[in-house]
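First comes the structure, then the notes that go with it.
The values are calculated or read from the model by the stated rules, or taken from the named source; none is laboratory data. Worth saying up front: this structure is predicted, and the values here are computed from it rather than measured. Note that each Cβ is placed from the backbone with ideal geometry, even for glycine, and that neighbours are counted across all protein chains shown. Note: accessible area is taken over every heavy atom of the protein model, side chains too, but ligands, DNA and RNA are not part of it. Shrake-Rupley method; radii C 1.70, N 1.55, O 1.52, S 1.80 Å.
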Amino acid sequence: MSPPKYVDLLLLAAALAVFLLAGLPLLGYGVAAVCWVVQRAVEAYATRRANAELRAGNRQKAMGIVAATTLGRVWLMATAVLLVGLLGDREAGLCAAVMVLVLFTVAFAAKGLTHLFGEPEGQGVA
Amino acid sequence: MSADQAVAEAPAGASKSGGLSTKAKVLIGLGVYLGIAILLLLIFGSGGKNEAFRPQNEFKLEEWIGIHIGGVDLSINKAVVYLLLASALTIGTMVWIARRMHQRPNRVQVAVEVAYDMTKNTIAGGSLDTKMAARWFPFLAALFFWIWFSNMIGFIPLPTNTEHTINVFGAEIPSFAIYAATANLSIPLVLTLIVWVSYHVEGIRAKGLFKYLASWLPPGLEDMNPVAKAFIFVIEAISHFARLISLSVRLFANILAGHLLLLFMGGGLAVLLGIAALGALTFPLAFFFFILEVGLIATLQAFIFSTLTAIYLGGATSASH
């Protein structure tokens, strides 16, 4: 029932074909793609670290890791999109911004659905 | 003071990890954040005030499908699409959950059951007697869930910005943007009008017209002279009309303010002032506001609207008002 875990990355791959066929600026795609993959890697690393800290009982540290990396990921993508628009051309910047927003919408919705349709904690079979 | 004492007295937040204390990490992070913003300011400077950018256009309703019947504009626009989306989500989720109730619920069932319980016991049960609560619970629950879904989808970027489009295979695809139907005053106002008319009708039905109007006067004025009573009645009547404004504007203004904050912090301010560096500086704030809006404001406003509705209904029908 839940959407695939990496639905955003599948979409990212599919978007390359759209960019190529539609002649959209590849600079916009490239920057959006690299940023998205990097932030996903940071997210995966942060989740592992935060889980390890939680298991060790360091709840505050786990929250700190999640908060800091989430903020950093958001900022990385925003700054990268801004730089594309400033250093490249405005069309590339717009394409990068839209690409990131599409990926965010899909990832946000997929994560929400995955979370909601999973089994709640503490409901395991006895 | 010995070295051991110094370690023992170190603040809790300054835990050592990887050679750097938490304080040092935060300071480095802030330094990089501000440093890059200053660097961008030095490189790109200011492009001057942007006269072409109109932030209010983000909330402008362009006609997507024109429907004009007898001089009445019933066209489909962005707000109408959001209304339909919120309605479809409310009906779809509730029907889907109702048909798939499990002994061992998944998270979505748990979340809906918690929300259902809250609307039944806290919103309806907290302000209405048993009979009224049973009669008005479906309306109050529908109101809560509809406003909640409407607010929540308002924070998911959707392809609704027809002002800025991207050409893909000749088709003009709208840019992704955020918008909420409740950020348009007409929608909260229509909801408020339904509530306003409903509670007056309930009050008149429960007490009769004159007794209901008399119940607007607070208790303890039985011995007051009629002129003073009339004056207080006028004040009470104004307060009832003021509810039209307070109930609708509270929801509208909160959601609009949230969207404006996201718009300006998410880059609108940088574009408007022509200072690109501001974008790098304000975007993390947009993220904070996003979390605040999604995590608190969207639910809180739905709760306040439906709770006040229940209070108005309860007040109109209660014996001692």
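Here the range B:153-200 is the region considered, the condition is being at the interface with chain A (Cβ under 9 Å from one of its Cβ atoms) and of a type in the set (S, T, N, Q), and the residue that is surrounded by the fewest Cβ atoms within 10 Å (Cβ to Cβ) is B:N167. B:A134 meets all of the listed conditions (1) within 30 Å of B:I304 (Cβ to Cβ); (2) within 14 Å of chain A (Cβ to nearest Cβ); (3) small (G, A, S) but one, namely (2). Close contacts from the range B:275-298, counting a first residue that is without any contact (Cβ under 8 Å) to a residue 24 or more places away in the chain and within 16 Å of A:A68 (Cα to Cα) and a second that is β-branched (V, I, T) and surrounded by fewer than 22 Cβ atoms within 10 Å (Cβ to Cβ), with Cβ to Cβ under 6 Å and a gap of 6+ residues or different chains, come to B:F287/A:V74.
Considering the conditions (1) surrounded by 13 or more Cβ atoms within 10 Å (Cβ to Cβ); (2) within 12 Å of chain B (Cβ to nearest Cβ); (3) over 19 Å from A:V106 (Cα atoms), A:T47 is excluded by exactly one of them, (2). Considering only residues in the range B:47-65 that are open to solvent by less than 80 Å² (accessible area, probe 1.4 Å) and outside any loop (DSSP other than H, G, I, E, B), the one that is modelled with the highest pLDDT turns out to be B:F59.
Considering every residue within the range B:173-187, establish whether at least one is at pLDDT below 90 and on the phi > 0 side of the Ramachandran plot. Within the range B:173-187 (the criterion being at pLDDT below 90 and on the phi > 0 side of the Ramachandran plot), the answer is no, since none of the residues qualifies. Sort out which residues of the range B:36-85 are under 24 Å from B:A270 (Cβ atoms), within 20 Å of the chain's Cα centre (by Cα) and of a type in the set (A, V, I, L, M, F, W, C), and write them in order of number. Residue satisfying the conditions is B:F59 alone. Give the residues of the range B:100-131 that are in a helix (DSSP H, G or I), free of Cβ contacts under 8 Å to residues at least 24 places away in the same chain and within 14 Å of chain A (Cβ to nearest Cβ), sorted by residue number. Across the range B:100-131, the qualifying residues are B:R107, B:V108, B:Q109, B:V110, B:A111, B:V112, B:E113, B:V114.
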